[in-house]
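Enquirer: So that we are looking at the same thing, I have put the structure below in structure tokens.
The values are calculated or read from the model by the stated rules, or taken from the named source; none is laboratory data. Bear in mind the structure is a predicted one, so any value in this text is a computation, not a measurement. Cβ atoms come from the backbone with ideal geometry, glycine included; neighbour counts cover every protein chain shown. Just the protein is used for accessible areas: all its heavy atoms, side chains included, with ligands, DNA and RNA removed. Shrake-Rupley method; radii C 1.70, N 1.55, O 1.52, S 1.80 Å.
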Amino acid sequence: MSMERLSQQVDAYVGWKRELIREIIRYRSWLASNRLGSDAVEARLERALRLLRTDHITLAFVGEFSRGKSELINALFFSQYGQRMLPSRAGRTTMCPTELFFDPRSERPYIRLLPIETRISATRVAQFKRLPRHWVNIPLDASDPDNMAQAFAQLAQSKPVPVEQAIALGFHPDALEASGRPGEVLVPAWRHALVHIDHPLLRQGLRILDTPGLNALGSEPELTLSMLPGAQAIIFLLAADSGVSASDLDIWEQHIRPIDDTPASLFAVLNKIDTLWDDPAGEAFVEASIRQVQASSAGQLGIDLRDILPLSAKQALLAKVRGDRALLERSRLGELEELLCERIVAQKERLIEDQVVNQVLGLLNNSQHVLQLRLERAREQQMLLGSRQQDDGQLLLELTARTRQEHARHHKRLLALKTQQRLLRRQGDLLRAASRPERLEQHLQDVRRNLTGSWTTLGIGQAILGFFEAVDTDLHHLQLEAEMANKMVGALYRRHNEENPLHGIDAPRFDASRYLRELHQLRVKADQFRLHPKTLFTEQRALTRRFFATLAQEVIGLHRRLRQAAEQWAGDALTPLLQHVLEHKQALEGHMQQLRELAQRTRQVRQRGQVLEHYLADLEKQLAQANEMLRVLRLPPPIQRQARVVSLPGAMHL
Ligand SMILES: Nc1nc2c(ncn2[C@@H]2O[C@H](COP(=O)(O)OP(=O)(O)O)[C@@H](O)[C@H]2O)c(=O)[nH]1
Ligand SMILES: [Mg+2]
């Protein structure tokens, strides 16, 4: 027994992606053989392929320590080893953020550990990931679970250091555990762990992030500022025997709730329901108490009752190891597995549909239409040949003249579009200017200068506020430029759609508001950090510095993505229109060539008919291929396919 359903779903999802990749590659060579390709189309297909190939799903487990996060991961992913892998015993639990994934570059499984001392440097974990020499590497032997479990015990390792050093490492004095020797305290030995193991789900691109409790969340800004917001789903762990405690609520308010604008799915698990089992008052009473904790927790967190899943990770692991179906049922792990499938995979599917499938479908529809036109013309020609054999010389002349006229029209249109594209490029330059990295660098320098000058609460607060306001003003300015550009593009598409009512194309819009929202969220987090009573201790300078270094990196990253998106948009906005016109023009050229050949090659009607027939057959074959590609691309993604079986067909799929 394993996570069969999630596994099936992920398999189906990966299979679907593979299918999409195959069709896109097929389409690419089809375009080439029909001489319909162009650089712009090629670039878009390349981007779609890259997106499909690098797509990951990250699932983060968050909550106060000892809620059973590691045990839940064990139950979900490690039961096949017959024992727990991630350390999960009272007092001996994972102390550092741990990422589990499949690393295709390494044959042997491994655990890589980043020493806690690396926190002193300004280098972030994300950067250390590219510097293997800083990590302690422990190779794993998958055939020896005992040995593996022993290696995993490292994740729970702590070590004694002088109090001052612990504080310099970003730990809060109140939260430090005495080592037994005066002046010394225990801190986690590792800052971060990377675990590469071969598990079917991880192989498919699933990544798991296990986090320790509040202490680590508070002392590693990267977790809250970048790792958690980057996850597709966050599972918040509570324990049924304690409900929502003050520190649970603290984590929720500080680290999780502010992420709610990202597309991440967020739900809570009420773990350890087995502590409520076997009550002398009977089964109904047990059920009622579980429901009661569930309801009060939902109320406290302000989330839907259905988004809290009661279960027992420990009993689920036990049940899976023993093959005890009844116990597994009672542990209610299956409900979480279902939810994971539906929410996470479905959400990824929607993303791929939006960013890949619809784009490629648009291109393909266009190409198909062009070929259709070629076919119609060839048929028309054939008909004329058949009916009026006498004066086909005259006919050919007529046809050629007509085609030439149309070609000239498309040529003009193409020239006009190219001029418009140049104009748009100028608008794109304005967009680029509004998001120049130098501007951001200036703001960063200002905030750094202000920060070093003032270490009072007020001074820090003002420096940070000023920084966010400056960046915010820049982005608003950029939004205005984007609106101008959108208007321009919109007008061009409107004109095209009026001229080609049967082949309307939606104008691609550039939307900067997403980035403004992201910036706003970072600001909320900065406010929380800055206003939190514990963080502005003078001893906490190291942490404060690290927090703002991380924050700055996030803003820089956001800025870079925004810049790339603006550039990409400005370069691409007219591509569908250009493709439409260019393909028509190319088609007409091909057609004229045919007509010329027809006139030259032979004066004999019969032979001419054969040449045409051959051409027609080829066109039909090419069209059939396009139809097949369209059919495959239009297939709904696996989860929607399943949903369709039960629910009535709602909105038509494209
Ligand atoms: N009774 C009970 N104990 C559990 C359950 N899940 C975890 N625990 C215990 O809770 C403690 C903390 O678990 P752990 O996974 O290390 O928590 P983490 O700090 O959130 O990762 C350990 O002693 C586990 O055995 C459960 O479902 N029921
Ligand atoms: Mg843990």
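Enquirer: Report the FRET efficiency, 1/(1 + (r/R0)^6), for Arg402 and Asn627, where r is their Cβ-Cβ distance and R0 is 22 Å, rounded to 0.05. Write down the numbers at each step before the final one.
Expert: Working: r = 28 Å, r/R0 = 1.26.
Plugging the Cβ-Cβ distance into 1/(1 + (r/R0)^6) gives 0.20.
Enquirer: Quick check for me: using +1 on Lys/Arg Cβ and -1 on Asp/Glu Cβ, what's the dipole size of the stretch 97-160 about its Cα centre, in debye to the nearest 20?
Expert: 480 debye
Enquirer: Looking at His443, Gln640, Leu543, which one has the Cα that reaches farthest to the positive end of the dipole of the chain (charges on Cβ: Lys, Arg +1; Asp, Glu -1)?
Expert: Final value for the positive-end residue is His443.
Enquirer: Write down the accessible area per residue of the chain in Å², having rolled a 1.4 Å probe over the full set of protein chains.
Expert: 47 Å²
Enquirer: While we're on this one: For the stretch 1-68, with all protein chains present and a 1.4 Å probe, just round the carbon and sulfur fraction of the accessible area to a whole percent.
Expert: Answer for the stretch 1-68 is 50 percent, counting heavy atoms of protein chains only.
Enquirer: Please give the FRET efficiency for Ser121 paired with Ser242, using the beta carbon to beta carbon distance and R0 = 35 Å, rounded to the nearest 0.05.
Expert: 0.40
Enquirer: Let me ask something else about it. Structure shown: which of Lys412/Lys585; Lys159/Lys525; Lys17/Lys348; Lys418/Lys487 lie over 21 Å apart, alpha-carbon to alpha-carbon? Before the final figure, lay out each step's value.
Expert: Numbers: Lys412/Lys585 10 Å; Lys159/Lys525 30 Å; Lys17/Lys348 11 Å; Lys418/Lys487 18 Å.
Distance filter (> 21 Å) returns Lys159/Lys525.
Enquirer: Rounded to the nearest 500 deg cm²/dmol, what is the calculated helix-only ellipticity per residue at 222 nm for the chain, with -39500 (n - 2.57) per DSSP H run of length n ≥ 4?
Expert: After summing the helix terms and dividing by residue count, I get -20000 deg cm²/dmol.
Enquirer: Compute the angle between helix 437-453 and the longest alpha-carbon principal axis of the chain, please, reported from 0 to 90 degrees and rounded to the nearest 10.
Expert: Taking Cα atoms only, the helix is inclined about 10 degrees.
Enquirer: Now, a different point. What's the magnitude of the charge dipole for the stretch 1-160 around its Cα centre, counting Lys and Arg as +1 and Asp and Glu as -1 at the beta-carbon? Answer in Debye, nearest 20.
Expert: It works out to roughly 480 debye.
Enquirer: Let me ask something additional. Across the stretch 577-589, in residue order, what do the Karplus-derived ³J(HN,Hα) couplings come to in whole Hz, using 6.51 cos²θ - 1.76 cosθ + 1.60 with θ = phi - 60° and x for Gly and Pro?
Expert: 5, 4, 4, 4, 5, 4, 5, 5, 5, 4, 4, 5, 4
Enquirer: While we're here: Taking the Cα centre of the stretch 200-351 as the origin, how large is its charge dipole in debye, to the nearest 20, when only Lys and Arg (+1) and Asp and Glu (-1) carry charge on their Cβ atoms?
Expert: Using only the charged Cβ atoms, the result is roughly 500 debye.
Enquirer: Keeping all protein chains in the complex and leaving out DNA, RNA and ligands, what accessible area do you get for Leu415 with a 1.4 Å probe, in Å² to the nearest 10?
Expert: Rounded to the nearest 10, the figure is 100 Å².
Enquirer: Another question about this same structure. Which percent, to the nearest 5, of DSSP beta bridges fully inside the chain are antiparallel?
Expert: Antiparallel bridges make up about 50 percent of those DSSP assigns within the chain.
Enquirer: Ignoring ligands, DNA and RNA, what percent of the accessible area of the stretch 278-425 is carbon or sulfur (1.4 Å)?
Expert: C and S atoms contribute 51 percent here.
Enquirer: From the phi of every residue in the stretch 632-638, what ³J(HN,Hα) in whole Hz does the Karplus formula 6.51 cos²θ - 1.76 cosθ + 1.60 yield, where θ is phi - 60° and glycine or proline is x?
Expert: 5, 5, 7, 4, x, x, x
Enquirer: Specify whether the C-alpha gyration tensor of the stretch 468-526 places it in the rounded, prolate or oblate class, a ≥ b ≥ c being the square roots of the eigenvalues: rounded for a/c under 1.5, otherwise prolate if a/b is larger than b/c and oblate if not.
Expert: In terms of gyration-tensor shape, oblate.
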